Amino acid sequence: MAAPEIKYTEEHEWVQRVSEDTVRIGITDYAQQQLGDVVFVQLPEVGQQVAAGDSMGEVESTKSVSDIYAPVTGEITAGNSALEDQPELVNSDAAGEGWMVEIRLADPEQLSGLLDAEGYQKLIDQA
């Protein structure tokens, strides 16, 4: 079971608070399993403003290309540069070394609208 401080989206991203106003984002283990072998990850530029629900990058796998959606509104403060040379980290450690971006939240209250681990499990059980 996932740690309680991690939230989830219906688009299969996880969101973990790393400081008072910053969250780290990646795709869930379920999402990477659906994608298959990840061969390329395109991330937004540091400093870019994103709005919740907007596409902010892509994950390309041997099966398809999928958008990465911003689960929150804010500013990109970091990108996982390791994914440039090792996109397979998304498959091997989706919730750890395969993280994608960090976002400084425009409003920390945004996290309250995301799914908890139990809610996310119900979502994927219905898939």
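Listed values, structure above:
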item: Where GLU109 falls short, out of the listed (1) over 16 Å from the mean Cα position of the chain (by Cα); (2) acidic (Asp, Glu); (3) buried (at least 19 other Cβ atoms within 10 Å of the Cβ); result: (3)
item: Complete set of residues in segment 75-106 that are out of contact with any helix residue (DSSP H, G or I) (no Cβ under 8 Å at 6 or more places or on another chain), of a type outside the set (S, T, N, Q) and under 15 Å from ARG24 (Cα atoms); result: GLU75, ILE76, ALA78, GLY79, ASP93, GLY96, TRP99, VAL101, GLU102, ILE103, ARG104, ALA106
item: Condition met for GLY79 (under 12 Å from PRO44 (Cβ atoms) and modelled with pLDDT of 95 or more); result: yes
item: Residues being in a loop (DSSP other than H, G, I, E, B) and under 22 Å from ALA52 (Cβ atoms) - total across segment 76-97; result: 3
item: Qualifying residue in segment 55-68 (condition: in a loop (DSSP other than H, G, I, E, B) and under 19 Å from TYR8 (Cα atoms)); result: no
item: Contacts under 8 angstrom Cβ, first residue in segment 100-112 being farther than 28 Å from GLU84 by Cβ and charged (D, E, K, R), partner in a loop (DSSP other than H, G, I, E, B) and open to solvent by less than 80 Å² (accessible area, probe 1.4 Å), 6 or more apart; result: ASP107/THR73
item: Within segment 1-46, strands (runs of 3 or more DSSP E) holding 1 or more residues that are open to solvent by 10 Å² or more (accessible area, probe 1.4 Å) and charged (D, E, K, R); result: 6-8, 13-19, 22-27
item: Tabulated pairs, segment 28-51, first β-branched (Val, Ile, Thr), second open to solvent by 70 Å² or more (accessible area, probe 1.4 Å), C-beta under 7 angstrom, 6+ apart or interchain; result: VAL38/GLU88; VAL39/GLU60; VAL39/THR62
item: Output for segment 70-90, where each listed residue is under 19 Å from GLU10 (Cα atoms) and surrounded by fewer than 19 Cβ atoms within 10 Å (Cβ to Cβ); result: THR73
item: Matching residues, segment 47-64, being farther than 26 Å from ASP21 by Cβ, modelled with pLDDT of 95 or more and open to solvent by 70 Å² or more (accessible area, probe 1.4 Å); result: GLU60
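The values are calculated or read from the model by the stated rules, or taken from the named source; none is laboratory data. Bear in mind that the values here come from a model prediction, so they are computed numbers and not experimental data. So basically every Cβ, Gly included, is an ideal-geometry build from the backbone, and we count neighbours across all protein chains shown. Just the protein is used for accessible areas: all its heavy atoms, side chains included, with ligands, DNA and RNA removed. Shrake-Rupley method; radii C 1.70, N 1.55, O 1.52, S 1.80 Å.
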